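Heads up: the structure comes next, in structure tokens.
The values are calculated or read from the model by the stated rules, or taken from the named source; none is laboratory data. Bear in mind the structure is a predicted one, so any value in this text is a computation, not a measurement. Note: ideal-geometry Cβ built from the backbone for every residue, glycine included; neighbour counts use all protein chains shown.
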Amino acid sequence: MDYPIVELNNGVEMPILGFGTYQIDDLDVCEQSVSEALDTGYRLIDTAAAYQNEEAVGSAIENSDVPREDIFVTTKLWVQDAGYESTKNAFERSLDRLELDYLDLYLIHQPYGDVHGSWQAMEDLYEEGKVRAIGVSNFHPDRVMDLIVHNDVVPAVNQIETHPFYQRVDDAEFLDQYDVQHQSWGPFAEGKNDIFEHDVLTSIGDQYGKTATQVVLRWLIQRDIVAIPKSVHEERITENFDVFDFELSSEDMETIAELNEGESLFFSHRDPEMVKQLSEIEYDI
Ligand code: NAP
């Protein structure tokens, strides 16, 4: 690995920057984008059963010159497969679609349904060596704690919405305390709040000859948060990786801290209506 990594609570090394694949529904575009990301140097690829593009991610990995063991592959279990047996089955189906014989990280995608049954299955998969680390996504600290106190393996990762407008300072402190790696999804808030042209971020970037997206990624990296930006444009894939040759000052970090609005720009995972809606989505996976 020739760019910075974080060490997970079981000693596994995870790249601090990766490539996201949410909403890349066209499988050819997905394969092409993941290939470009690997060629650019990204060594972490994030997908999910619910993205319905695991086949394309697998093909890009298969056709890449980068050895499998140098790539950190994450996928996620969707709500419809919560529970012990269904998690084991869903894991095998994901591996088949990815055409891999092990995963680097398997996450519970949403904190709903029988997550304890899922977690026990994931602990078994971990024990069997089929996955190098297991974790969760979209879990608030109380849900992480519930999993910790009732099980053996502490989640290695919690992947949660984290960007300049929703900075998750309390979550970060909690996760740090329990040695759970904080991973950001939606580092650019999917473009909300005009983030790509944001005055504060662009003027910080101007000092270093960098763009707003590069400033955001640098800000996450300097907080020891793993980021997985998504793009289907080669020049942006390159831009988003070009963040290891500058450092934000503590003054810049404080300025960005002031952008925090303290709440999701999408929805709350504690909103009963969203719990219902997300739990009703069934994919053909
Ligand atoms: P994001 O990375 O915050 O934003 C992606 C958007 O930014 C796309 O519209 C992309 O457009 C644009 N973009 C990327 N780089 C750019 C650049 N340099 N300049 C201008 N525009 C740029 O959003 P996200 O995809 O939702 O989040 C990242 C990853 O996190 C996902 O892909 C997925 O792997 C993961 N995720 C996980 C969850 C979860 O529940 N666990 C939820 C959401 C996301 P183009 O593609 O057109 O370039």
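Of note:
- Single unsatisfied condition, residue 158 versus (1) in a helix (DSSP H, G or I); (2) more than 9 Å from the ligand (Cβ to nearest atom): (1)
- The condition (being surrounded by 20 or more Cβ atoms within 10 Å (Cβ to Cβ), under 20 Å from the mean Cα position of the chain (by Cα) and in a helix (DSSP H, G or I)) is satisfied by just one residue among 176, 104, 171: 171.
- Among residues of the range 5-25 being closer than 21 Å to residue 180 by Cβ, part of a loop (DSSP other than H, G, I, E, B) and in contact (Cβ under 8 Å) with a residue 24 or more places away in the chain, the one that is nearest to the ligand (Cβ to nearest atom) is 18.
- Residues located in the range 26-41, provided they are over 18 Å from residue 66 (Cβ atoms) and more than 10 Å from the ligand (Cβ to nearest atom): 26, 27, 28
- Among the residues of the range 183-212, those that are polar (S, T, N, Q) and under 25 Å from residue 13 (Cβ atoms) comprise 183, 184.
- If you go through the range 42-51 and keep only what is outside any helix (DSSP H, G or I) and either at pLDDT below 95 or within 13 Å of the ligand (Cβ to nearest atom) (or both), you end up with 42, 44, 45, 46, 47, 48.
- Which listed residue, of 39, 65, 2, 28, is outside any strand (DSSP E or B), of a type in the set (D, E, K, R) and within 25 Å of residue 223 (Cβ to Cβ): 2
- Here the helices (runs of 4 or more DSSP H) wholly within the range 215-285 that include at least 3 residues being closer than 21 Å to residue 200 by Cβ and touching a residue at least 24 places away in the same chain (Cβ under 8 Å) are 250-257.
- Scanning the range 142-159 for residues that are surrounded by fewer than 18 Cβ atoms within 10 Å (Cβ to Cβ) and closer than 13 Å to residue 181 by Cα returns a single hit, 154.
- Filter result (aliphatic (A, V, I, L, M) and under 17 Å from residue 107 (Cβ atoms)) within the range 122-152: 122, 125, 131, 133, 134, 136, 144, 147, 148
- Yes/no for residue 161 being in contact with a Phe, Trp or Tyr (Cβ under 6 Å, 6 or more places away or on another chain) and among the charged types (D, E, K, R): yes
- Here the condition is being within 24 Å of residue 19 (Cβ to Cβ) and away from the ligand (no atom under 13 Å from the Cβ); of 224, 199, 252, it holds for 224 alone.
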